[in-house]
Protein chains: 6
Amino acid sequence: MTTLLVINGNTTQAITDRVAAVARGFAAPGTAIKAVTAETGPRVIATRTENLLGGQSVLTLAARHHAGCDAAIIAVASDTGLRATREALSIPVTGMTEAALLTACALGDGFGFLAIGRRGAGLYREVIASHGLAARMAAFKAIDLPPEAFLSPSGAAEPILAAVVELAEAGADTAIIGGAAFAGMAAALGGRAPIPILDSIGCAVRLAESLAAMAPGKPRVGGYAVLPPRDLVDVDPALSALFKPASEEAK
Amino acid sequence: MTTLLVINGNTTQAITDRVAAVARGFAAPGTAIKAVTAETGPRVIATRTENLLGGQSVLTLAARHHAGCDAAIIAVASDTGLRATREALSIPVTGMTEAALLTACALGDGFGFLAIGRRGAGLYREVIASHGLAARMAAFKAIDLPPEAFLSPSGAAEPILAAVVELAEAGADTAIIGGAAFAGMAAALGGRAPIPILDSIGCAVRLAESLAAMAPGKPRVGGYAVLPPRDLVDVDPALSALFKPASEEAK
Amino acid sequence: MTTLLVINGNTTQAITDRVAAVARGFAAPGTAIKAVTAETGPRVIATRTENLLGGQSVLTLAARHHAGCDAAIIAVASDTGLRATREALSIPVTGMTEAALLTACALGDGFGFLAIGRRGAGLYREVIASHGLAARMAAFKAIDLPPEAFLSPSGAAEPILAAVVELAEAGADTAIIGGAAFAGMAAALGGRAPIPILDSIGCAVRLAESLAAMAPGKPRVGGYAVLPPRDLVDVDPALSALFKPASEEAK
Amino acid sequence: MTTLLVINGNTTQAITDRVAAVARGFAAPGTAIKAVTAETGPRVIATRTENLLGGQSVLTLAARHHAGCDAAIIAVASDTGLRATREALSIPVTGMTEAALLTACALGDGFGFLAIGRRGAGLYREVIASHGLAARMAAFKAIDLPPEAFLSPSGAAEPILAAVVELAEAGADTAIIGGAAFAGMAAALGGRAPIPILDSIGCAVRLAESLAAMAPGKPRVGGYAVLPPRDLVDVDPALSALFKPASEEAK
Amino acid sequence: MTTLLVINGNTTQAITDRVAAVARGFAAPGTAIKAVTAETGPRVIATRTENLLGGQSVLTLAARHHAGCDAAIIAVASDTGLRATREALSIPVTGMTEAALLTACALGDGFGFLAIGRRGAGLYREVIASHGLAARMAAFKAIDLPPEAFLSPSGAAEPILAAVVELAEAGADTAIIGGAAFAGMAAALGGRAPIPILDSIGCAVRLAESLAAMAPGKPRVGGYAVLPPRDLVDVDPALSALFKPASEEAK
Amino acid sequence: MTTLLVINGNTTQAITDRVAAVARGFAAPGTAIKAVTAETGPRVIATRTENLLGGQSVLTLAARHHAGCDAAIIAVASDTGLRATREALSIPVTGMTEAALLTACALGDGFGFLAIGRRGAGLYREVIASHGLAARMAAFKAIDLPPEAFLSPSGAAEPILAAVVELAEAGADTAIIGGAAFAGMAAALGGRAPIPILDSIGCAVRLAESLAAMAPGKPRVGGYAVLPPRDLVDVDPALSALFKPASEEAK
């Protein structure tokens, strides 16, 4: 029995519900999905400022809910707070876009990335570059959709399909859609796209299951070792508890 | 029920046996491992010339044995023949080093790579670069081991552990060992290494299971679409059968 | 009369005091320094987790105190929250390490970077890479210092000087020290180093003055345009006020 | 008297004939061209799968025919089997695209590459990247031509010229055509192109002559030293003979 | 009191006058601008050949006029002779494009570059790459203008504005115009552009003031240390005087 | 009959003599070597300042002496003035280091570079990067030699051999020595080095012969087309003559 913690750094419960449903559809038998939603902060992270605010939400949710889980997934397309959460927890952590990018690398040479929201194009490009995978990107496209598309994505199917066709024509072997709200879109489009559309949540579920099964443990040295003792000022006790107690300092 | 085809491009049955045993240890319940061994060619691929010869073996094994399988793993550390096999088959295909590299990217910032055999160092560097992941490599080390270590790897544990310690000191968050013969070494070293050692075969099994479950299908355009009709001269019929029949050309 | 907002994302007032004093020493006549300190969060940001927590502090301080200022400086060596703060404010924003890196590029070919704290080495490397300047780095070195060195840096002079000598021998034309606590160290070492040591705070003050004088204004398109209207849940009103009122949406 | 071995990894004799004729046209007085054709495998290498199969053909031809030659040229536009053949032989070996790329670097800043066959675009991009020269590529274009164009290239002149004009407009200083079948096309187009079109076979002949004249010999260490003794299973004796006899192992 | 030496490597006095006027407009109170013009060589540097010839002019002007100055600016958009002049002088030296590029990095993610003169596009690309900043370039565009536009730039305003709009649409956060003759154009376009247009001369003045205030001094080792004693044949005595007297060799 | 113009941008005739002798040793029968020496400027280019001054010498020599030649070689290890001379002349032009780097790429994976003179290390790194070949460099080493070694290189044989051994141990497949004064050293070391040492002058002679034989002609567009008409102030008439007469402007 594996339990995956799915962290929605947005405060929109509808996105959590959609993500959780899609995650359950991809999960192996015996995998439980525990999905949590940010209590404060942005409704839909789409700017750098919201991404920063969402980072604190992601880490706080991780701190409060990771107990008993085997791996965690950050269900925000900008992989909000990924490296800090990976450092802070003892279980494996992945981001939905990270997982999709790594999966795409195993299915073809160059992936195509579709950013929903032109404003966030630069943020997505930075996320892809931060994973060291910019050279594997064959095509990038950003489109704007009306706000309601984020709550009822089915209406977005046609413009998304058209954009994926463009990515394919530009040489992409697979397509990744940036946006947690669009979980499940790949399946919804069925076989209509000329190249496989990867469901980022699906990729993350499978990757998290794999990492949980491997249980690699924490490194004992370097930037991902257990957090050292720290005395933080006035933060959520769950966050403070991520750091090793000072009494263990000499160990 | 998922069946993974594990292709050993070397002609050494002992390596196949070891790889298959390790693969079964990592496989999820319900996953069957079908391991096959090259009938001709190099015993242990360790030079570019052997890597080229092994490529034909890998593709031939893939062509003969993929029927009924859900995904394939190339169990040679230089990912011999990977892109051609990916193009030729309709099921997902991954390489053991590819899988380890992608997994390492999800566990830390920079991986360390340990090449067994200094002669092959350049080939491994080329493999890593061909995956576009050279920038994620924090440290690289090549060591020589006596030939018998490839058949009885337990004697190699101490020099490998020492090398992994060096990789960690150079900033690596995880370690990958190049060499199919060393499948299982990560487990054998237990918790003695300061950073997680990824078992490349284990990574490949988990990735192949994930890809099989996603069943992304073939792209209809680009370099990984189904092979077009071709008339090859005097090749193994299984290889010819990888190409679409000429009668389907007009479709 | 120019006013620079200097934001210490750490909760340690002593660091703010030191940074402010150094900033005043570098400032042109007619430049006022307004230094603020985080009220909650880490005392000294040195891990990715603290860096994430500090991001919210930086943005909150920026939101509360930017009124009446002409430019802002983030006085944390990991440039915590830089891009989000740049997006959110209408005045120019720079980070102390960003400013030092850009200045170093105008003084030689390759800079050397000295990370104080080996644990944070990966975070610093990521910061440098995120500025697209990894190729300009001639040498990188991380050293550990006792915790008291962060509060009384003079004792750190000798190990820092020794490390700078190593950076110079490795080909660096200039040296940058990672750590707000070490503001002023360049001057303290006087002419003893073989290559110029850039004071990151000094670089940031001069760059911020320049940007304030240029007053480039906000772009009207792209990822650094004024933030769109957003309805955030339960956040500091100063943060909400960074977003354009919904009533302006149609404008 | 210099003899160059020209290896056609395709089984199409007409391509060998064309390549040999063009090679003779470029060769210095006193250079003999010995052109050989694959006996098995693909007729025209245009996919990754055919490229893999062609690799074995190239190496086998090299092994059988290199005696008495001073340098070898691989006359396949994807430089099929280049690194392995370079490792295996004691004479210099170059590929036709490699030679054209290196020559282009000495004639301008950025080259343009014209791939004949859109399916193979990714393979050509990989070849260029594997030579570390992607940053020197100013423009890349892939066009489809009818199959008969590969046997009677003169009909392809106009579409090729049009594509070269596009490469020039995109900033290319020179143009390279991917496809052994198009040897001689540069001359056929005469002075009609706005930028020099490099004949890849011509470049390879001149480079091979130069390398033969330099006679650099084999390195005694590293990945291109003489192949060590190996016991291969059931391979062409010419291939086995590429490896040092086991009796020389202790030397 | 700070004095900046502004070096026009072109022989066109009108460009010097324009550049000096713009420089004075950007300079802080108390900064004097000393502008000098090449006596020989190209009128407007626009080809690589002119750029080479202009290099000698720049260095000669620097050698003759640097005494009493606190920093120097090379007022040629290809940063002609920058590294040599930096090496040769004891005061800081920057180039107008270098300064604009570094400033752009502090104002957004990706800059746009507008080359005036399509012939020089390759030279500008090389300049940007030589600063290691190609990865920060979001968009590049080259346009031709009639020769008279270089002497009376106001007529160039509309085509330049149109090109900047294209750069913004391609994702640039800021725009840089290549061409000393276009100093002041940013201000002339007022707020009409969708993204800030950086005045390269303005950026260089502010950067030079900052570097002058920091007075980092010469490194004592490496490629930017004081020039060693040298005996040059028949060069301008001012150039010879850049080298340390032989009598100081043993020091 | 092919004539190669060998341009020594230094004013040291002894270097010209040595280079010419080595060039003649590598030249094909029927190739004449016309070697010319700078009349003014640095004796041995070893700093960026000398490199700039040498650029004018190289271009002037090229302008005066190219008539009747079929290709030109710049015999300065920093490829002084290469791109401008390539643009200015109608015959092919290569640099000695450029030629060695391109040749090395055809002989192995990674080359090693030995800089004679630690001061010039940065300049050599920039030259290699400007050719886009930094990623092909396996190892770089800079050593100092006494000044007399530049005039009587035989005494430098042992330290150079020791450095080449280090390059080989670091993974280089070939070695390149930076310094025109060391032409012929490769042959002088005979078979003592573990990897081939490329003679840069020899590589340049062979490459220049090849380019001369190909006679690619000038591009009609772009940055290497014939220089446009220009009115230069007070320059050597040979330099002015490099530009198309104004009367041809309308053609």
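Coordinate-derived values only; no laboratory data. What you are looking at is a predicted structure, and each value in this text was computed from that prediction instead of being measured. Note that we place each Cβ from the backbone using ideal geometry, even for glycine, and neighbour counts take in every protein chain shown.
In this Cβ point-charge picture (+1 for Lys and Arg, -1 for Asp and Glu), the range F:14-97 has a dipole of about 60 debye about its Cα centre. Neighbour counts of C-beta atoms inside 10 Å place A:GLU169, D:GLU209 in the sequence A:GLU169, D:GLU209, starting with the fewest. Sorted from shortest to longest, the distances between the F:VAL233 label points of this copy and the other copies are 2.9, 6.1, 6.9, 6.9, 8.0 nm, with each point 7 Å from Cα along the line through the beta carbon. Figure legend: label point modelled 7 angstrom from the Cα of D:GLU39 along Cα→Cβ; residues of the range D:1-17 with amide N under 14 Å from it are D:11.
Over every Cα atom in chain F, the radius of gyration and the widest Cα-Cα span, Dmax, amount to 17.9, 60 Å. Looking at the square roots a ≥ b ≥ c of the eigenvalues of the Cα gyration tensor of the range D:109-197, which shape do they give, rounded for a/c under 1.5, prolate if a/b is larger than b/c, or oblate? Oblate, since a/c reaches 1.5 and b/c is not below a/b.
Given the range F:48-108 reduced to its alpha-carbon atoms as identical point scatterers, what log10 I(q)/I(0) does the Debye formula return at q = 0.15, 0.24 Å⁻¹? For the range F:48-108 at q = 0.15, 0.24 Å⁻¹, log10 I(q)/I(0) is -0.44, -0.95. Here is how the number arises for chain E: DSSP H runs of 4 or more residues each give -39500 (n - 2.57), the sum is divided by the residue count, and the result at 222 nm is -11500 deg cm²/dmol.
Among residues other than D:ILE7 with Cβ under 13 Å from its Cβ, the summed charge is +1 (Lys and Arg +1, Asp and Glu -1). Simple spin-label estimate for F:ALA187 and F:ARG118 gives 3.3 nm between the two label positions (7 Å along the Cα-to-Cβ direction from each Cα).
In this structure, the amide hydrogen of F:ILE197, modeled 1.01 Å from its nitrogen in the peptide plane, lies closer than 5 angstrom to those of F:ALA175, counting only residues at least 5 positions away or on a different chain. Scale the Cα Rg of the range F:8-95 by the rule-of-thumb value 2.2 N^0.38 Å and send over the ratio, two decimals. Here the answer is 1.01, to two decimals. How large is log10 of I(q)/I(0) for the range F:173-215 at q = 0.23, 0.34 Å⁻¹ when the intensity is taken from the Debye formula with one equal scatterer per alpha-carbon? Result of the Debye calculation: -0.77, -1.16. Amide H to amide H distances under 5 Å link D:ALA75 with D:ILE7, D:ASN8, D:GLY9, where only residues 5 or more positions off or on other chains count and H is placed in the peptide plane. Proximity of backbone amide H atoms, modeled 1.01 Å from N, is registered between A:VAL233 and C:GLY41, C:ARG43 at under 5 Å, excluding neighbours fewer than 5 places apart on the same chain. For D:GLY191, the label point sits 7 Å beyond Cα toward Cβ; its separations from the matching points on the remaining copies run 5.0, 5.7, 5.7, 6.5, 8.0 nm, from shortest to longest. Taking a straight line from the alpha carbon of C:LYS244, these aspartates and glutamates sit under 16 Å away, with near neighbours fewer than eight places off in the same chain left out: A:GLU50, C:GLU87, C:ASP231, C:ASP236. Would you mind computing the Rg to Rh ratio of the protein assembly as shown from its alpha-carbon coordinates, Kirkwood style for Rh? Here Rg/Rh amounts to 0.95. Each residue of the range A:132-137 was assigned a 3J(HN,Hα) from its phi angle through the Karplus curve 6.51 cos²θ - 1.76 cosθ + 1.60 (θ = phi - 60°); the sequence is x, 10, 4, 6, 8, 8 Hz, with glycine and proline shown as x. When +1 charges are put on Lys and Arg Cβ atoms and -1 charges on Asp and Glu Cβ atoms, the dipole computed for the range A:125-169 relative to its Cα centre reaches about 240 debye. For B:GLY41, neighbours were defined as the other residues whose beta-carbon sits under 13 Å from its Cβ, and their charges (Lys and Arg +1, Asp and Glu -1) total -3. Taking other Cβ atoms within 10 Å as a rough exposure proxy, B:ASP199, C:ASP144 sort from fewest to most as C:ASP144, B:ASP199.
Axis of helix C:157-169 versus longest Cα principal axis of chain C: the two differ by about 80°, to the nearest ten degrees.
Computed from Cα positions, the angle between helix C:48-65 and the longest principal axis of chain C comes to roughly 50 degrees. Note that the range A:203-219 has calculated 3J(HN,Hα) couplings of 4, 5, 4, 5, 5, 5, 4, 4, 5, 4, 5, 6, 6, x, x, 7, x Hz, one per residue in order, obtained from phi through the Karplus relation 6.51 cos²θ - 1.76 cosθ + 1.60 (θ = phi - 60°); glycine and proline are x.
Rounded to the nearest 10 degrees, what's the angle between the helix A:121-130 long axis and the longest principal axis of chain A, both from Cα atoms, 0 to 90? Taking the Cα atoms of chain A, the angle to A:121-130 is about 60 degrees. Under the simplified labelling scheme, the E:ASP17-E:ALA32 pair shows an inter-label distance of 2.2 nm, with each label point 7 Å from Cα along Cα→Cβ. In this simple spin-label model, placing a label point 7 Å from the Cα along the Cα-to-Cβ direction at both C:ALA170 and F:ILE143 gives a separation of 2.4 nm.
Note on chain B: dipole from Cβ charges, positive end direction compared against B:VAL205, B:ALA32, B:PRO229; the farthest Cα belongs to B:PRO229.
Scanning chain D for the beta carbon that comes closest to the axis linking it by rotation to B yields D:GLN56, 2, distance in whole angstrom. Relative to the other identical copies, D:ALA215 shows label-point distances of 3.1, 6.4, 6.5, 6.5, 7.6 nm, where the label point lies 7 Å from Cα along the Cβ direction and values run shortest first. Listed from fewest to most Cβ neighbours within 10 Å, the set E:VAL93, A:VAL22, D:VAL235 follows the order D:VAL235, A:VAL22, E:VAL93.
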